[in-house]
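Okay, structure first, notes after.
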Amino acid sequence: MTATQSHDVIVLVHPDTDLDTAKTLVVTGFGPFLQIKTNPSNVAVTALAQSYTPPIGIRVVIAPKVEVAYEPVRALIPYLWETYEPDFSLNVGVGLRGAFKVERFAKNRGYGSVDVRNVYVNGARPVGEVDAPTATAGEEGAKDAMRKGGPVGRPDPTSDAACACPPDLFPDAEEVYETALDVNQLVKHLAQWWNAGKSEDAGRYLCDFTYYQSQYQAAQREGKEGCALFFHVPPVGQPYPQEVLNEAVETVVSYLCEQVLLGGNGWRDADAE
């Protein structure tokens with residue numbers, strides 16, 4: 001395997017792969033936020049560089065430590081699609097305890113929470129001082145804490161910059177994008193070893209935001225609509241150790257490379273619900 005790194009991006013490729021004809025999978029993880037000082041998604045996707053060799057014909061591009069903030073994601077996701085022209089995108093983040101979750105949908109609206117920079121999706125800052133909410137269980141858990149009256153700044157409803165009514169991410173785009181992957185088939189594959197399920201709500205925070213950005217980029221390219229997926233891992237120790245989270249992420253990457261991009265299997269039936 002050949003692994004190269006530049007600009008915080010790691011590229012994995014089998015030495016016998018012809019880069020002129022290779023298919024590309026982009027994989028992202030997240031950096032720290034709130035009480036999660038070491039994000040397990042960052043650790044898991046970074047571990048791929050030591051443990052995973054892509055099959056011949058596949059290039060895997062890893063952005064392992066995306067900041068949990070709207071503006072960096074807005075810049076990074078288009079950059080990855082324009083620079084590497086992926087055939088599929090996998091975003092990995094930390095979610096709720098108990099199970100791995102394969103996310104079916106990405107949503108265009110409803111992003112009413114501040115990011116780690118204390119900034120709303122529209123670039124505004126809350127009125128008054130803001131204390132970071134307590135993260136009880138991953139990114140979705142932190143968002144739940146904010147929704148349930150945790151210590152979070154309130155936008156001034158008289159201000160045009162306030163995010164009391166969050167705007168659509170892309171006014172001209174679909175309200176919801178659905179992955180082109182057969183989610184049930186992937187869940188069944190993962191459930192051979194771990195507790196896994198599908199989800200239809202990625203949380204309306206940076207996970208969902210990143211997923212929608214990826215789906216939007218895919219939709220702008222002919223033949224690639226729906227060629228993105230979000231995979232939530234549980235927090236470390238709830239119940240799995242980091243080593244198992246690493247293994248699960250590698251299993252998803254291997255599945256996408258071998259069964260989907262090379263094998264042509266695993267796609268959702270367009271007529272199925």
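The values are calculated or read from the model by the stated rules, or taken from the named source; none is laboratory data. These numbers come from a predicted model, not from an experiment. Positions of Cβ are generated from backbone atoms using ideal geometry, with glycine treated the same way; all protein chains shown enter the neighbour counts.
Numbers below:
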| item | result |
| --- | --- |
| In segment 70-105, the residues that are under 21 Å from residue 201 (Cβ atoms) and hydrophobic (A, V, I, L, M, F, W, C) | 73, 77, 90, 92, 94, 96, 99, 100, 102, 105 |
| Those residues of segment 106-126 which are out of contact with any Asp or Glu (no Cβ under 8 Å at 6 or more places or on another chain) and among the polar types (S, T, N, Q), in sequence order | 113, 118, 122 |
| Selection from segment 13-41 of residues that are under 13 Å from residue 90 (Cα atoms) and surrounded by fewer than 23 Cβ atoms within 10 Å (Cβ to Cβ) | 24 |
| Residue, surrounded by the fewest Cβ atoms within 10 Å (Cβ to Cβ), within segment 67-118, restricted to residues that are polar (S, T, N, Q) and closer than 23 Å to residue 221 by Cβ | 83 |
| Test set (1) in contact with a helix residue (DSSP H, G or I) (Cβ under 6 Å, 6 or more places away or on another chain); (2) of a type outside the set (Val, Ile, Thr); (3) more than 14 Å from residue 102 (Cβ to Cβ); (4) surrounded by fewer than 21 Cβ atoms within 10 Å (Cβ to Cβ) - residue 235 fails condition number | (4) |
| Complete set of residues in segment 58-82 that are part of a strand (DSSP E or B) and of a type in the set (A, V, I, L, M, F, W, C) | 58, 60, 61, 62, 63, 66 |
| Residues that are of a type in the set (Gly, Ala, Ser), at pLDDT below 90 and not in a loop (DSSP other than H, G, I, E, B), drawn from segment 83-138 | 138 |
| Residues of segment 221-240 satisfying the condition of being over 19 Å from residue 253 (Cβ atoms) and touching a residue at least 24 places away in the same chain (Cβ under 8 Å) | 221, 225, 235, 236, 238, 239 |
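To keep it simple, each residue is scored yes or no on (1) touching a Phe, Trp or Tyr at 6+ places or on another chain (Cβ under 6 Å); (2) surrounded by fewer than 22 Cβ atoms within 10 Å (Cβ to Cβ); (3) in a loop (DSSP other than H, G, I, E, B).
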residue	(1), (2), (3)
169	yes, yes, yes
187	no, yes, no
192	no, yes, yes
198	no, yes, no
231	no, no, no
239	no, yes, yes
243	no, yes, no
